[in-house]
Amino acid sequence: MTQSRKYDDPCGIARALDVIGDRWALLVVRELIFGPKRFLQLRAGLRTVSPNVLSERLRDLEAAGVVRRDELAPPASVTVYDLTERGRALEPVLLELGRWGSQEPITTSRELTPDALLVALKTAFDPTAAVAEGKVSYGLDIDGNWFTVIVSGNSVAISRGRSDQPAVTFSGGVATMRAIAFGREPIAAAERTGRLAVTGDRELAERFTRMFPVRPAVR
């Protein structure tokens, strides 16, 4: 970070903002919470960020030890960006910020990105509606972006990529998956219109739609 962007304040909050307070910085972290991405994938998730600004934020976050660059092994041989251990430590901060921000009115017609939707699911997760015993793996194909959601006891873990043997697989667009996951549309209704495909245990599929209750806004 350049000196002009520092707060010159010894408070821990100010020192944190010296690292992640610039515009787009926390959203870069959001897009990497569930696993590494290439530069173009980050741009697709952040949509309106310019290439130059994204490059600058990645350099800043890398210098601060929040993000690291990795080279995928051949035949891919491409550069990806991933969170360091210090970067992953920001996840609970992001989740609490998401819960706080969800009480604000939505002022855009844009849809959530797949990663932002999965972050929203983690913020809304209700342990009392989760599977009481054992572990259940869900596979989510959201516009071709695969995620694995594992519910175990009263916790939920989400990672990028396919699950080997999911109990249930959902395939659909972001808007459909958001409506289903938050209980705003029945699974059967989305299936009838061809917007959603579901395979696996139907009872567990229905349970999934009750794990993420939408909390009413405070205003």
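Residue-by-condition table, conditions (1) assigned to a loop (DSSP other than H, G, I, E, B); (2) at pLDDT below 95; (3) within 23 Å of L32 (Cβ to Cβ); (4) among the small types (G, A, S):
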{"position": "G87", "(1), (2), (3), (4)": "no, no, yes, yes"}
{"position": "R99", "(1), (2), (3), (4)": "no, yes, yes, no"}
{"position": "I106", "(1), (2), (3), (4)": "yes, yes, no, no"}
{"position": "E111", "(1), (2), (3), (4)": "yes, yes, yes, no"}
{"position": "T123", "(1), (2), (3), (4)": "no, yes, yes, no"}
{"position": "V131", "(1), (2), (3), (4)": "yes, yes, no, no"}
{"position": "G139", "(1), (2), (3), (4)": "no, no, yes, yes"}
{"position": "Q165", "(1), (2), (3), (4)": "yes, yes, no, no"}
{"position": "T176", "(1), (2), (3), (4)": "no, no, no, no"}
Consider S159 against the criteria (1) touching a strand residue (DSSP E or B) at 6+ places or on another chain (Cβ under 9 Å); (2) surrounded by 19 or more Cβ atoms within 10 Å (Cβ to Cβ); (3) within 21 Å of L27 (Cβ to Cβ): it satisfies all of them except one. Which criterion is unmet?
-> (2)
If you take the residues in the stretch 162-203 that are within 21 Å of the chain's Cα centre (by Cα) and of a type in the set (S, T, N, Q), which one is surrounded by the most Cβ atoms within 10 Å (Cβ to Cβ)?
-> T176
Look through the stretch 22-43, keep the residues that are out of contact with any strand residue (DSSP E or B) (no Cβ under 9 Å at 6 or more places or on another chain) and either in contact (Cβ under 8 Å) with a residue 40 or more places away in the chain or aliphatic (A, V, I, L, M) (or both), and return whichever of them is farthest from T113 (Cα to Cα).
-> A25
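Taking the options R68, R30, R15, name whichever one is surrounded by 15 or more Cβ atoms within 10 Å (Cβ to Cβ) and part of a helix (DSSP H, G or I).
It is R30.
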When you go through (1) more than 14 Å from the chain's Cα centre (by Cα); (2) over 24 Å from G183 (Cβ atoms); (3) not in a loop (DSSP other than H, G, I, E, B) one by one for P75, which number turns out not to apply?
-> (3)
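Looking at S77, S55, S137, can you tell me which residue is touching a Ser or Thr at 6+ places or on another chain (Cβ under 8 Å) and polar (S, T, N, Q)?
Details: S77 fails: touching a Ser or Thr at 6+ places or on another chain (Cβ under 8 Å); S55 fails: touching a Ser or Thr at 6+ places or on another chain (Cβ under 8 Å).
None of the other options fit; the residue is S137.
The rows are residues; the columns are (1) out of contact with any helix residue (DSSP H, G or I) (no Cβ under 9 Å at 6 or more places or on another chain); (2) acidic (D, E).
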site: D8; (1), (2): no, yes
site: G12; (1), (2): yes, no
site: L17; (1), (2): yes, no
site: I20; (1), (2): no, no
site: A25; (1), (2): no, no
site: V28; (1), (2): no, no
site: E31; (1), (2): no, yes
site: P36; (1), (2): yes, no
site: L40; (1), (2): yes, no
Quick one: would you say L121 is in the same structural domain as I20 (by TED's automatic domain parsing) and either of a type in the set (F, W, Y) or surrounded by 15 or more Cβ atoms within 10 Å (Cβ to Cβ) (or both)?
-> no
Exclusive hit being in the same structural domain as V28 (by TED's automatic domain parsing) and farther than 24 Å from G12 by Cα, set R88, R57, R47 = R47
Checking L118 against (1) free of Cβ contacts under 8 Å to residues at least 40 places away in the same chain; (2) not in a loop (DSSP other than H, G, I, E, B), which test does it fail?
-> (1)
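The values are calculated or read from the model by the stated rules, or taken from the named source; none is laboratory data. Note that the structure is predicted; figures quoted are calculated from it, not measured. No Cβ is skipped: glycine too gets one built from the backbone with ideal geometry, and neighbour counts run over all protein chains shown.
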